[in-house]
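No value in this document is a laboratory result; all are computed from the given coordinates. Keep in mind it's a predicted model, so treat the numbers as computed, not measured. Cβ placement follows ideal geometry from the backbone for every residue including glycine, while neighbour counts extend to all protein chains displayed.
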Amino acid sequence: MIFIVSGVKNSGKTTLIEKLIGEFVSRGLRTAVIKHDGHDFEADVPGTDSWRHQKAGAYGTSIFSPHRYFIYKQQPGVTQEDMIKAFPEADVIILEGFKELSYTKIEVVRDGNSQKPVCPADSLAALVTDMEKEQFPDEYSELPVYGLEDIRNITDYILNILQG
């Protein structure tokens, strides 16, 4: 099951996702998150061996233990679909951002940060906000609206949609 949490920068997407992860995990669902970074990012902690290997010119590095692994690989053209394939055992995959994709999508809209959703109404399943429903343009009037702390009901709604 894959869905998207969208919204403008600093709208509270990561905070909402943290809370949703906790709720999904408490229900026994293995949950993964995929975030797109429009800029380049530093994938390893400076000073570690794998970071030093990467800085020395290795196009890829990995480190693993009996319980986890980390792979850093430079590869052009990576897509969210490539990342989804990296989590075949996940029950739920949350994509953060990705306004343009057509997966089930909720948008976080916070007063003082954004005045209206940035995603078209027909691409959204729900809004999560600290604003009143009446504050949104008419095209969003049919969407369910949840409060920022209404995690259990947001989770129920998402699971109902994703499970059909």
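In terms of other Cβ atoms within 10 Å, 78, 108 run from fewest to most in the order 78, 108. Normalised radius of gyration (Cα atoms, divided by 2.2 N^0.38 Å) for the chain: 1.18.
The long axis of helix 151-162 is offset from the longest Cα principal axis of the chain by roughly 80 degrees.
Relative contact order, whole percent, for the chain stands at 32, derived from Cα pairs under 8 Å and 6 or more residues apart.
Projecting label points 7 angstrom from Cα along Cα→Cβ for residue 29 and residue 163 puts them 0.8 nm apart.
Compared with the dominant principal axis of the Cα atoms in the chain, helix 13-26 is inclined by about 80°. Taking a virtual spin label 7 Å from the Cα of residue 49 along the C-beta vector, which residues in the stretch 63-107 bring their backbone nitrogen under 16 Å of it? Flagged as within label range: 63-72. Phi angles across the stretch 127-138 convert, under the Karplus curve 6.51 cos²θ - 1.76 cosθ + 1.60 with θ = phi - 60°, into 3J(HN,Hα) values of 10, 10, 7, 9, 9, 7, 4, 5, 7, 8, x, 3 Hz, Gly and Pro given as x.
Find the all-direction average of the projected area of the Cα convex hull for the stretch 6-86, expressing the result in square nanometres with one decimal place.
On the way: hull surface 29.4 nm².
Quarter of the Cα hull surface area: 7.3 nm².
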